[in-house]
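Q: One structure follows; several queries about it will come next.
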Amino acid sequence: MFSMHRATVCWTLIVAMAITPSLVYAQAPATSATASESVPKLDVSYVVPEATFGAIAFPRRVLTASEMAMLPIEILSASGKKELGIDPVDVEQILLFAEAPQGGPPGVGLVVRFSRPYQIESVLPKLQPLTEASEIEGKPYRRGRNPMMPSLYMPDDRTLLVATGGMLEKMIANRDKPADGRISSLLNRLGTSNDFVAILAMEPIRPLLNAQLAKAPVPPPLADLKKVPDLVDLVGVKVRLKNPGNSMLSITARDEAAAVELEKMIDGWLKLARQMMEAEMTQEMARRTSDDPVEKASMEYAQRISRMMFEMVRPERKGKRLILASETQGPQAQVATVGILVALLLPAVQAAREAARRAKSTNNMKQLVLSMLNHEAAKRKFPARAIFDKDGKPLLSWRVQLLPYLDESGLYEQFHLDEPWDSPNNKKLIARMPDVFRNPSSTAPPNMTTYLVPVGPGTLFEGNKGRTLRDIRDGTSNTIVLVEANDDQAVIWTRPDDWEYDPEKPLAGLGRAHPGGFMVAFCDGSVRFLAASLDPQVWKALLSFSGGEMIDNSRF
């Protein structure tokens with residue numbers, strides 16, 4: 001970590017560059033009337049009362065403050081225009097909220113207020129192809145092509161609404177007849193005096209979090225993490241850049257006894273983190289062979305500062321609230337708090353994002369298997385692994401065959417089914433891949449998918465014919481129909497390529513879709529997560545549709 005003096009100097013400069021704008025902003029303003037002192041005009045009427053999460057920020061007020069002149073405003077502005085079709089300096093207010101998931105991805109709403117007029121055709125250009133023209137309230141808007149895609153609507157030329165599923169209609173209805181909820185009330189109260197506010201109410205998502213944590217492999221030293229959802233009622237963050245002393249992250253516990261337990265848990269995690277960091281530094285010093293006094297002093301400084309930082313962020317309890325960044329802390333403590341909180345929260349944020357991606361991928365795979373079962377019900381057989389010509393040459397993928405069962409009949413009718421996937425006509429349709437084929441965890445190029453069927457000896461898709469449910473003698477709940485492959489196995493969605501099963505290397509190309517494993521879908525419509533360390537013999541049995549193997553479900 002600190003093996004070279006140059007690296008130490010570089011990291012010192014990076015940290016200085018990162019915190020300098022905030023420290024400058026924290027100083028007293030040169031004039032008594034800056035843009036940062038204006039009181040924001042809040043409008044939380046679009047936030048539905050069922051929201052369990054909400055966040056609000058004021059980009060223009062921050063970016064145009066004279067104290068923030070050291071920020072790369074020009075770069076932010078150019079990047080926003082290029083990627084989003086929106087200049088961040090024009091954004092007066094941005095409000096994001098979400099409902100608790102109800103058997104699928106959560107409903108999400110975004111409200112953006114501009115300081116000047118915008119046209120709906122110019123904003124969020126990367127989302128535009130995923131939408132289609134429609135009308136709401138007698139006004140044009142861009143409707144998502146499927147419930148998983150966001151819709152774009154501008155009720156006026158300075159307001160942009162982005163929402164998934166039926167959330168847009170709920171937002172408009174709530175605006176017409178506002179109904180206060182816990183999240184909207186807190187945002188309205190805290191947003192007027194802060195640059196950023198985020199609120200998470202735990203109760204609506206407590207069952208989901210408990211279910212996820214119950215399955216998660218948590219290291220023994222962090223076993224107490226599984227208790228957190230039952231102890232916490234509310235998590236809040238507020239940031240006021242002009243006066244960092246008023247910035248804080250607070251946790252409101254269920255009651256005072258729960259707060260005491262949380263305080264002990266957080267204290268234990270901080271102690272563990274400090275011990276791990278000190279042990280790593282001690283090992284690094286033991287490995288050193290250089291006698292350079294500057295390098296030795298750099299390590300000693302790092303050890304001293306790390307101890308100070310951990311002491312600064314010990315939780316302060318006030319009744320049933322835990323303050324992790326107190327109003328009473330000075331500038332040094334604020335900097336330390338930010339560093340430690342990022343270190344502690346980053347794994348949690350990454351885990352939350354991964355959980356969301358897995359939920360989305362699970363939903364995609366369930367839709368695909370359901371469409372296969374609908375195909376079997378209508379055609380009396382599953383789709384074959386490809387559309388073949390009269391000579392048995394594969395032309396188009398099974399994914400094209402499923403389009404009518406995925407509400408994509410219009411796209412299906414544009415394919416020439418007697419031509420290969422890369423014919424002049426069919427090649428033009430590659431760019432119109434339905435979102436259900438896109439794995440949210442995949443980094444594969446656009447229009448490529450990692451949702452593949454297993455092809456090879458003994459698998460359901462061996463040969464050129466589609467099979468029936470009666471053919472699956474091993475049981476639909478024990479027979480895999482779809483796998484989530486690694487990114488290096490991704491294929492163009494219309495191309496008749498899939499995951500090739502090799503009995504000598506049964507799991508080759510699988511196991512890295514998610515940390516620790518991958519998702520598979522079974523013929524009964526269920527989707528399950530399998531560990532990358534799965535017994536190869538169990539895997540072979542799951543791929544077989546009529547091998548007669550006895551499968552112990554506890555082994556996968």
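The values are calculated or read from the model by the stated rules, or taken from the named source; none is laboratory data. Keep in mind that this is a model prediction, so the values were computed, not measured. In this analysis, Cβ positions are derived from the backbone assuming ideal geometry, glycine residues included, and neighbour counts consider all displayed protein chains.
A quick yes/no check of all residues on (1) within 25 Å of the chain's Cα centre (by Cα); (2) closer than 30 Å to Gly517 by Cβ; (3) in contact (Cβ under 8 Å) with a residue 12 or more places away in the chain:
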residue: Arg189; (1), (2), (3): no, no, no
residue: Pro207; (1), (2), (3): yes, yes, no
residue: Ala211; (1), (2), (3): yes, yes, no
residue: Ala223; (1), (2), (3): yes, yes, no
residue: Gly236; (1), (2), (3): yes, no, yes
residue: Leu241; (1), (2), (3): no, no, yes
residue: Ser250; (1), (2), (3): yes, no, yes
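Q: Let me ask something else about it. Quick check on this structure: which one of Leu241, Leu249 is in contact with a Gly (Cβ under 8 Å, 6 or more places away or on another chain), at pLDDT below 85 and under 22 Å from Ile199 (Cβ atoms)? Can you show your working first?
A: Values: Leu241 fails: in contact with a Gly (Cβ under 8 Å, 6 or more places away or on another chain).
Result of the check over Leu241, Leu249: Leu249.
Q: Looking at Glu67, Glu74, Glu83, Glu37, which is the one that is modelled with pLDDT under 90 and within 26 Å of Met171 (Cβ to Cβ)?
A: Only one candidate passes the filter, namely Glu83.
Q: While we're on this one: Of the residues Val400, Val481, Val455, which single one is within 23 Å of Ser544 (Cα to Cα) and buried (at least 21 other Cβ atoms within 10 Å of the Cβ)?
A: Only one candidate passes the filter, namely Val481.
Q: Same structure, new question: Looking at (1) surrounded by 15 or more Cβ atoms within 10 Å (Cβ to Cβ); (2) in contact with a strand residue (DSSP E or B) (Cβ under 8 Å, 6 or more places away or on another chain); (3) of a type in the set (Asp, Glu), which one does Glu500 not meet, given that it meets all the others?
A: Here Glu500 clears every test but (1).
Q: I'd like the full set of residues that are farther than 30 Å from Pro178 by Cβ, of a type in the set (S, T, N, Q) and surrounded by 15 or more Cβ atoms within 10 Å (Cβ to Cβ), limited to the range 65-103.
A: If the condition is that a residue be farther than 30 Å from Pro178 by Cβ, of a type in the set (S, T, N, Q) and surrounded by 15 or more Cβ atoms within 10 Å (Cβ to Cβ), then Ser77 is the only one that fits.
Q: If you don't mind, there's one more thing I want to ask. Being assigned to a helix (DSSP H, G or I), over 18 Å from Pro49 (Cα atoms) and modelled with pLDDT of 80 or more is the filter here, so list the residues in the range 190-211 that pass it.
A: Selection gives Pro207, Leu208, Leu209, Asn210, Ala211.
Q: Among residues belonging to the range 170-185 that are at pLDDT 90 or above and of a type in the set (A, V, I, L, M, F, W, C), point out the one that is surrounded by the most Cβ atoms within 10 Å (Cβ to Cβ).
A: Ile183
Q: How many of the residues in the range 370-385 are out of contact with any Phe, Trp or Tyr (no Cβ under 6 Å at 6 or more places or on another chain) and touching a residue at least 60 places away in the same chain (Cβ under 8 Å)?
A: 7
Q: What number of residues within the range 527-537 satisfy the criterion of being under 18 Å from Ala355 (Cα atoms) and either free of Cβ contacts under 8 Å to residues at least 60 places away in the same chain or not assigned by TED's automatic domain parsing to the domain that holds Ser441 (or both)?
A: 4
Q: Going through Asp195, Asp233 one at a time, which residue ends up being crowded, with 20+ Cβ neighbours inside 10 Å, touching a strand residue (DSSP E or B) at 6+ places or on another chain (Cβ under 8 Å) and acidic (Asp, Glu)? Lay out the reasoning, then the answer.
A: Numbers: Asp233 fails: crowded, with 20+ Cβ neighbours inside 10 Å.
Just one listed residue meets the conditions, Asp195.
Q: Sticking with this structure for a sec: Within the range 140-195, how many residues are hydroxyl-bearing (Ser, Thr, Tyr) and over 24 Å from Val235 (Cα atoms)?
A: Looking only at the range 140-195, we keep the residues that are hydroxyl-bearing (Ser, Thr, Tyr), and these are 141, 151, 153, 159, 164, 184-185, 192-193.
After this cut, where a residue has to be over 24 Å from Val235 (Cα atoms) as well, the list is 141, 151, 153, 159, 164.
Residues that pass the stated criteria total 5.
Q: Sticking with this structure for a sec: Within the range 507-535, count every residue that is over 20 Å from Gly475 (Cβ atoms) and not hydrophobic (A, V, I, L, M, F, W, C).
A: 8
Q: Let me ask something additional. Looking at the range 74-107 only, could you name the residues that are part of a helix (DSSP H, G or I) and out of contact with any helix residue (DSSP H, G or I) (no Cβ under 7 Å at 6 or more places or on another chain)?
A: Result: Glu74, Ile75, Ala78, Ser79, Lys81, Lys82, Glu83, Leu84.
Q: Spot the failing condition for Leu411; the list is (1) of a type outside the set (Lys, Arg); (2) touching a Lys or Arg at 6+ places or on another chain (Cβ under 8 Å); (3) part of a loop (DSSP other than H, G, I, E, B), and only one is missed.
A: Just one mismatch for Leu411, condition (3).
Q: Would you confirm, using the coordinates I've provided, whether Leu507 is assigned by TED's automatic domain parsing to the domain that holds Asn426 and part of a loop (DSSP other than H, G, I, E, B)? Spell out how you get there, then give the answer.
A: Details: assigned by TED's automatic domain parsing to the domain that holds Asn426: yes; part of a loop (DSSP other than H, G, I, E, B): yes.
Yes.
Q: While we're on this one: Among the residues of the range 510-540, write down those that are in a loop (DSSP other than H, G, I, E, B) and either closer than 21 Å to Arg385 by Cα or polar (S, T, N, Q) (or both).
A: Leu510, Cys523, Asp524, Gly525, Ser526, Ser533
Q: Which residues, counting only those in the range 144-172, are part of a loop (DSSP other than H, G, I, E, B) and closer than 15 Å to Ile120 by Cβ?
A: Asp157, Arg158
Q: Which condition does Thr443 not pass, out of (1) more than 20 Å from Leu402 (Cα to Cα); (2) outside any loop (DSSP other than H, G, I, E, B), if it passes all the others?
A: Condition (2) is where Thr443 drops out.
Residue by residue, here is whether (1) in a helix (DSSP H, G or I); (2) surrounded by 15 or more Cβ atoms within 10 Å (Cβ to Cβ); (3) touching a residue at least 24 places away in the same chain (Cβ under 8 Å) holds:
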| residue | (1), (2), (3) |
| --- | --- |
| Gly392 | no, no, yes |
| Pro404 | yes, yes, no |
| Asn439 | no, yes, yes |
| Gly466 | no, yes, yes |
| Asp474 | no, yes, yes |
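Q: Please identify the pairs in which a residue from the range 108-133 that is assigned to a loop (DSSP other than H, G, I, E, B) has its Cβ atom under 9 Å from the Cβ atom of a residue that is exposed (fewer than 13 other Cβ atoms within 10 Å of the Cβ), counting only partners at least 6 apart or on another chain.
A: Arg116/Asp157; Pro117/Asp156; Pro117/Asp157; Tyr118/Asp157; Gln119/Asp157; Pro125/Glu83; Lys126/Glu83
Q: Among residues belonging to the range 437-458 that are modelled with pLDDT of 95 or more and in contact with a Leu (Cβ under 9 Å, 6 or more places away or on another chain), point out the one that is farthest from Trp493 (Cα to Cα).
A: Pro454
Q: For the range 455-470, indicate whether the set of residues that are within 24 Å of Ala513 (Cβ to Cβ), of a type in the set (Val, Ile, Thr) and not assigned by TED's automatic domain parsing to the domain that holds Gly144 is non-empty. Spell out the reasoning first.
A: If we filter the range 455-470 for residues that are within 24 Å of Ala513 (Cβ to Cβ), which is where we start, we get 455-462.
In the following step, the residues that additionally are of a type in the set (Val, Ile, Thr) were identified as 455, 459.
Applying the additional criterion that residues be not assigned by TED's automatic domain parsing to the domain that holds Gly144 yields 455, 459.
Yes, the range 455-470 contains a residue that is within 24 Å of Ala513 (Cβ to Cβ), of a type in the set (Val, Ile, Thr) and not assigned by TED's automatic domain parsing to the domain that holds Gly144.
Table: residues versus (1) more than 25 Å from Lys366 (Cβ to Cβ); (2) β-branched (Val, Ile, Thr).
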{"position": "Leu76", "(1), (2)": "yes, no"}
{"position": "Lys82", "(1), (2)": "yes, no"}
{"position": "Ile86", "(1), (2)": "yes, yes"}
{"position": "Ala100", "(1), (2)": "no, no"}
{"position": "Gly107", "(1), (2)": "no, no"}
{"position": "Leu110", "(1), (2)": "yes, no"}
{"position": "Ile136", "(1), (2)": "yes, yes"}
{"position": "Arg145", "(1), (2)": "no, no"}
{"position": "Pro150", "(1), (2)": "no, no"}
